[in-house]
1. Looking at segment 106-134, which of the residues that are among the aliphatic types (A, V, I, L, M) and in contact with an Asp or Glu (Cβ under 9 Å, 6 or more places away or on another chain) is surrounded by the most Cβ atoms within 10 Å (Cβ to Cβ)?
2. If I filter segment 162-187 down to residues being of a type in the set (S, T, N, Q) and farther than 27 Å from Ala197 by Cβ, which single residue comes out as farthest from the chain's Cα centre (by Cα)?
3. Restricting attention to segment 83-120, which residues are under 23 Å from Lys137 (Cα atoms), of a type in the set (Ser, Thr, Tyr) and in a strand (DSSP E or B)?
4. Condition first: surrounded by fewer than 13 Cβ atoms within 10 Å (Cβ to Cβ), without any contact (Cβ under 8 Å) to a residue 24 or more places away in the chain and touching a Lys or Arg at 6+ places or on another chain (Cβ under 9 Å). Can you find one or more residues in segment 79-102 that meet it?
5. Can you tell me which residue in segment 138-175 is surrounded by the most Cβ atoms within 10 Å (Cβ to Cβ), limited to those that are without any contact (Cβ under 8 Å) to a residue 40 or more places away in the chain and charged (D, E, K, R)?
6. When the residues of segment 45-72 are filtered to those that are hydrophobic (A, V, I, L, M, F, W, C) and at pLDDT 90 or above, which remaining residue is most open to solvent (accessible area, probe 1.4 Å)?
Amino acid sequence: IAEGDEVVVYGKLTNYYGNTPETAQGTTYLVSVNGKTEGGSTGGEDKPAGNGNIAINGTTLTLSNPSVQAGATTVEVVPGDFYTENGAEVTTITLKDGTKIVFDANGETNGPKYYNSNGSSNIRVYKNNMITFEGHKAIAKIEFSCDVDKNKNVNCVGNETATVVIDGKTMTYTNVFKEASGGGVQLRINKIVITYAK
């Protein structure tokens, strides 16, 4: 980045000590430099063109498409509106507007499942599982309201190594986990809000 460059970033702005505007480390992403869109994080990792941005804020996971502007049209998805049986395998949800949400184990033994217990209703997405949003039109943003694992005191917002890839009207989230053992962080979805592009 050079002096005079036009830089666009996506993230939550905070006011450090009341006099220094800055963005939260690890949750802010580079949208474009001089109009060129190649996502990247404040951690210095470059994301290839075509990748979307991922931001985590508490129990909210947000996927965003840096190449489109958000419109006013949204749709809300609550897992309990589509599934009722505890432990049910989750495959495809088709929304009234034609958008499809496809859940895939992606070769893992544990695939996405619906749970309704202890006063919480959610879809659990395990390590390396995928969620593909096949939009009836381009998607600008997807917000997941997530659950907390009270036993581990962990916000279930997926792994920090998760990825999102955008291809036209399709946005694919993968809960990437690269370690040799363990399961990483589950994504436990209480609600999804999809915002379509203008």
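1. Checked segment 106-134; the qualifying residue surrounded by the most Cβ atoms within 10 Å (Cβ to Cβ) is Ile131.
2. Ser181
3. Of everything in segment 83-120, those that are under 23 Å from Lys137 (Cα atoms), of a type in the set (Ser, Thr, Tyr) and in a strand (DSSP E or B) turn out to be Thr92, Thr94.
4. Yes; the residues of segment 79-102 include at least one that is surrounded by fewer than 13 Cβ atoms within 10 Å (Cβ to Cβ), without any contact (Cβ under 8 Å) to a residue 24 or more places away in the chain and touching a Lys or Arg at 6+ places or on another chain (Cβ under 9 Å).
5. Result: Lys169.
6. That would be Ala72.
The values are calculated or read from the model by the stated rules, or taken from the named source; none is laboratory data. Bear in mind that the values here come from a model prediction, so they are computed numbers and not experimental data. So basically every Cβ, Gly included, is an ideal-geometry build from the backbone, and we count neighbours across all protein chains shown. Please note that ligands, DNA and RNA were not included when accessible areas were found on the heavy atoms of the full protein model with its side chains. Shrake-Rupley method; radii C 1.70, N 1.55, O 1.52, S 1.80 Å.
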